[in-house]
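Participant: Before we start, here is the structure in question, set down as structure tokens.
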Amino acid sequence: MADKMSRISAIVEAMRDNWDLAADCNEGELFTYAERLYYRIAAGDSKDELYAYLSGVQADQLEMAKSDDFRRIVDRAVELARRAN
């Protein structure tokens, strides 16, 4: 369980490193998005599906300008998941 939590926390850090987040974006909100991304990776979603999910989070939930930042986050998250296997 702790290993899963550390991977999700690392995904949150990737989000913080790549997104210019609003001041009112809280840790719990990011953790939820990272956790969903983690479970989608574990379920075997394709990179295109993961990109679509996180692009939607970026543009719709976080109301950020469209960019390719979500791709770096997904790529990092997949790398973290593979390292665990």
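Participant: Mind giving me the FRET efficiency for Ala52 and Thr32? R0 is 25 Å, r the Cβ-Cβ distance, nearest 0.05 is fine.
Facilitator: The computed FRET efficiency comes out at 0.90.
Participant: Between helix 27-42 and the chain, what is the angle of the helix's C-alpha long axis to the longest principal axis, kept within 0 to 90° and rounded to the nearest 10?
Facilitator: 40 degrees
Participant: Also: Compute the helix-to-body angle for 47-56: its Cα long axis versus the longest principal axis of the chain, expressed 0 to 90° and rounded to tens.
Facilitator: For 47-56 against the chain, the angle is about 30 degrees.
Participant: So, one more: Using Cα-only point scatterers and the Debye equation, what is log10 of I(q)/I(0) for the stretch 1-66 at each q in 0.18, 0.26, 0.27, 0.28 Å⁻¹, rounded to two decimals?
Facilitator: -0.66, -1.28, -1.34, -1.40
Participant: Something else: Tell me the carbon and sulfur percent of the accessible area for the chain, rounded to whole percent, probe radius 1.4 Å.
Facilitator: Working: 2280 of 5050 Å².
The nonpolar share, carbon plus sulfur, comes to 45 percent.
Participant: Also, I was wondering about something else. Could you work out the relative contact order of the chain? I mean the mean sequence separation of Cα pairs under 8 Å and 6+ apart, divided by the number of residues, in percent.
Facilitator: Details: 56 pairs, mean separation 32.7, N = 85.
Relative contact order comes out at 38 percent.
Participant: Suppose each label sits 7 Å from its Cα in the direction of the beta carbon; what would the Leu21-Ser6 distance come out to in nanometres?
Facilitator: With each label placed 7 Å out from Cα toward Cβ, I get 2.1 nm.
Participant: I'd like to check one number: the per residue accessible area of the chain, probe 1.4 Å, reported in Å² as a whole number.
Facilitator: Numbers: 5050 Å² over 85 residues.
Per-residue value: 59 Å².
Participant: Looking at the stretch 6-85, which GluC sites (Glu not before Pro) are DSSP coil and have at most 13 other C-beta atoms within 10 Å of their C-beta?
Facilitator: Answer in residue order: Glu63.
The values are calculated or read from the model by the stated rules, or taken from the named source; none is laboratory data. Every value quoted in this text rests on a predicted model; they were computed, and no experiment measured them. Virtual Cβ from ideal backbone geometry, glycine too; neighbours counted across all protein chains shown. Surface accessibility is based on the protein's heavy atoms, side chains included, excluding ligands, DNA and RNA. Shrake-Rupley method; radii C 1.70, N 1.55, O 1.52, S 1.80 Å.
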